[in-house]
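The structure appears below as structure tokens.
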Amino acid sequence: MEERTYVNDIDRSIYDIRNEEKDAYRIETGLSPAIVEQISREKGDPLWMELFRLESLQIYNNMNVQDWGPSLDGLDMNNIATYVRSNTGMKGDWAEVPEEIKDTFERLGIPQAEKSSLAGVGAQYDSELVYHNVRREVAEQGVVYTDLESAMKGEYGDMVKKHFMKLVPPNDHKFAALHGAVWSGGSFVYVPPGVQVEIPLQSYFRLNAPGAGQFEHTLIIVDEGASLHFIEGCSAPKYNVANLHAGCVELFVGKNAKLRYSTIENWSKNMYNLNTKRAQVAEGGTIEWVSGSFGSHVSCLYPMSILKGRGARMEFTGITFAGEGQNLDTGAKVVHAAPETTSYMNTRSISKGGGVSTFRSSVVVAKGAAGSKAAVSCQSLMLDGISRSDTVPAMDIRTKDADIGHEAKIGRISDEAVFYLMSRGLSEEEARAMIVSGFADSVAKELPLEYAVEMNNLIRMEMKGSIG
């Protein structure tokens, strides 16, 4: 059999692989104290987590859905199963994963990527991790990479309890409260002081069940002087019912530490993607976000960085592609809470076929954050006359000693540029795809190699049929 390559064999249809449902357990739809208690029993939670879940449910019931941004009217929690467990436990040996699940991840290229370029991999299927492994040489450095539930119940339990939903408290917004009540799965990473993890770790989240939600929680702590690149991938097959993703990511970056967090979200177009991501950065530390949003029916995603220590810095690089039937509301937030902190946001958004792309940025510079610098650059490209692109910047600057800049550009493909490329022998479709790829190039080069190639393939495939 010909070996699968990222360059030649990628196809959008790969994400629509569907496995027959063989759930070991699927909780009833809806949301109630009894359902939350049942999830807690299924997970074997410690008492503090069971109480945390029930308190989060109370907060959820007392909060309203946001009255801004994309409509969430098509999402009815009464029709969502918040916990679905496949017919396998977590394995540390790929050969032990059930064949139909293993086949899905193999088609997505996860085992191949692990062998060639990753220090460790976690693979989640519906509500539970089915595989987790880390290279021996990385573990020997003292790096901890495991599922969050094992960490919570084991020797790192106190560390988990100290950090869990402290950056994203349940009262942050309604879907953070929902996450606190029904979360399941996700990864825990701890990098000890001074350790440089030279090759990335990766988690991949696959939601197979129709009418279900996925609520994984990722907690990463990079201690003083350490560094890590963590990659997250997400996908799901398309169904004719709503699915929900309301995960949570909490990142703690220590003094003079560095974390790059790369995410490629390729959810199906029946997905409501309401994920929350937040980082706290200590003195001299760096957080780099690289974000690609290509799927889902509706997305609300705004990774936030809290620059808590002097000299902390943040970079956010993002690309969004909104096609027919998609409303992708994305962006980034940063809080400069200490002096001489720096942030830079650089985004590209593309919309076609009536898709709606909205970029929201929020820059807050506290009174005590003298000498801080922030720059925002967002560019939007509409491929036709029925698509929409909006930019919604917000700035709250409370010190005169700051250097703040914002640049936004919105436009369409130039007919002259298309004509020029066609005069050089390209078809109209090829010309337009080349222009779009060039527009996205400054962001694509920040993605991990296989995802950059994948993004360009996705752009070319999305362009098919868009002419005329």
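Descriptive notes on the structure:
- For region 167-193, filtering for residues that are assigned to a helix (DSSP H, G or I) and touching a Cys at 6+ places or on another chain (Cβ under 9 Å) leaves 4.
- The set of residues in region 359-388 that are surrounded by fewer than 24 Cβ atoms within 10 Å (Cβ to Cβ), closer than 17 Å to M304 by Cβ and of a type in the set (V, I, T) contains only V364.
- Selection from region 340-359 of residues that are part of a strand (DSSP E or B) and hydroxyl-bearing (S, T, Y): T342, S343, Y344, T347, S349, S351, S357, T358
- Residues (outside any loop (DSSP other than H, G, I, E, B) and open to solvent by less than 10 Å² (accessible area, probe 1.4 Å)) located in region 328-339: L328, D329, G331, A332, V334, H336
- Residue match in region 78-92 (condition: loosely packed, with under 12 Cβ neighbours inside 10 Å, at pLDDT 60 or above and assigned to a helix (DSSP H, G or I)): yes
- A residue that is part of a helix (DSSP H, G or I) and at pLDDT 95 or above occurs somewhere in region 18-34.
- Residue within region 392-401 that is open to solvent by less than 30 Å² (accessible area, probe 1.4 Å), at pLDDT below 95 and not assigned by the TED database to the domain that holds S437 present: no
- Any hit, region 307-326, residues being within 20 Å of L167 (Cα to Cα) and out of contact with any strand residue (DSSP E or B) (no Cβ under 9 Å at 6 or more places or on another chain): yes
- Annotation note: of T317, T342, the sole residue that is more than 24 Å from D73 (Cβ to Cβ), within 17 Å of the chain's Cα centre (by Cα) and surrounded by fewer than 24 Cβ atoms within 10 Å (Cβ to Cβ) is T317.
- Cβ pairs under 6 Å, 6+ apart, first in region 364-377 and on the phi > 0 side of the Ramachandran plot, second surrounded by fewer than 16 Cβ atoms within 10 Å (Cβ to Cβ): G371/D401
- All positions within region 47-64 that are open to solvent by 100 Å² or more (accessible area, probe 1.4 Å) and among the β-branched types (V, I, T): none
- In this entry, S414 is excluded by the filter for residues that are within 28 Å of the chain's Cα centre (by Cα), open to solvent by less than 60 Å² (accessible area, probe 1.4 Å) and either in contact (Cβ under 8 Å) with a residue 40 or more places away in the chain or at negative phi (or both).
- Residues located in region 65-76, provided they are surrounded by 14 or more Cβ atoms within 10 Å (Cβ to Cβ) and either assigned to a helix (DSSP H, G or I) or small (G, A, S) (or both): G69
This table checks each residue for (1) aliphatic (A, V, I, L, M); (2) in contact (Cβ under 8 Å) with a residue 24 or more places away in the chain; (3) closer than 25 Å to S299 by Cα.
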position	(1), (2), (3)
N133	no, yes, no
E137	no, no, no
D147	no, yes, no
G157	no, yes, no
L167	yes, yes, yes
H179	no, yes, yes
P192	no, yes, no
E198	no, yes, no
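- Residue within region 256-265 that is touching a Cys at 6+ places or on another chain (Cβ under 6 Å), open to solvent by 10 Å² or more (accessible area, probe 1.4 Å) and at pLDDT 95 or above present: no
- Within region 348-356, not a single residue is among the basic types (K, R) and in the same structural domain as V65 (by the TED database).
- G285 being farther than 20 Å from P70 by Cα and crowded, with 24+ Cβ neighbours inside 10 Å: yes
- Of all residues in region 229-239, none are at pLDDT 95 or above, within 17 Å of E288 (Cβ to Cβ), open to solvent by 10 Å² or more (accessible area, probe 1.4 Å) and in the same structural domain as V144 (by the TED database).
- Each residue in region 368-393 was checked for being part of a strand (DSSP E or B), under 27 Å from the mean Cα position of the chain (by Cα) and not charged (D, E, K, R), and 13 pass.
- Residues of region 345-358 that are touching a strand residue (DSSP E or B) at 6+ places or on another chain (Cβ under 6 Å), buried (at least 19 other Cβ atoms within 10 Å of the Cβ) and farther than 24 Å from D401 by Cα: T347, R348, S349, I350, S351, G355, S357, T358.
- Condition check for K277: touching a residue at least 12 places away in the same chain (Cβ under 8 Å), charged (D, E, K, R) and in a loop (DSSP other than H, G, I, E, B): no
The values are calculated or read from the model by the stated rules, or taken from the named source; none is laboratory data. On a predicted model such as this, the values are computed, not experimentally measured, just so you know. Ideal geometry is used to build each Cβ from the backbone, glycine not excepted, and the neighbour counts take in all protein chains shown. Just the protein is used for accessible areas: all its heavy atoms, side chains included, with ligands, DNA and RNA removed. Shrake-Rupley method; radii C 1.70, N 1.55, O 1.52, S 1.80 Å.
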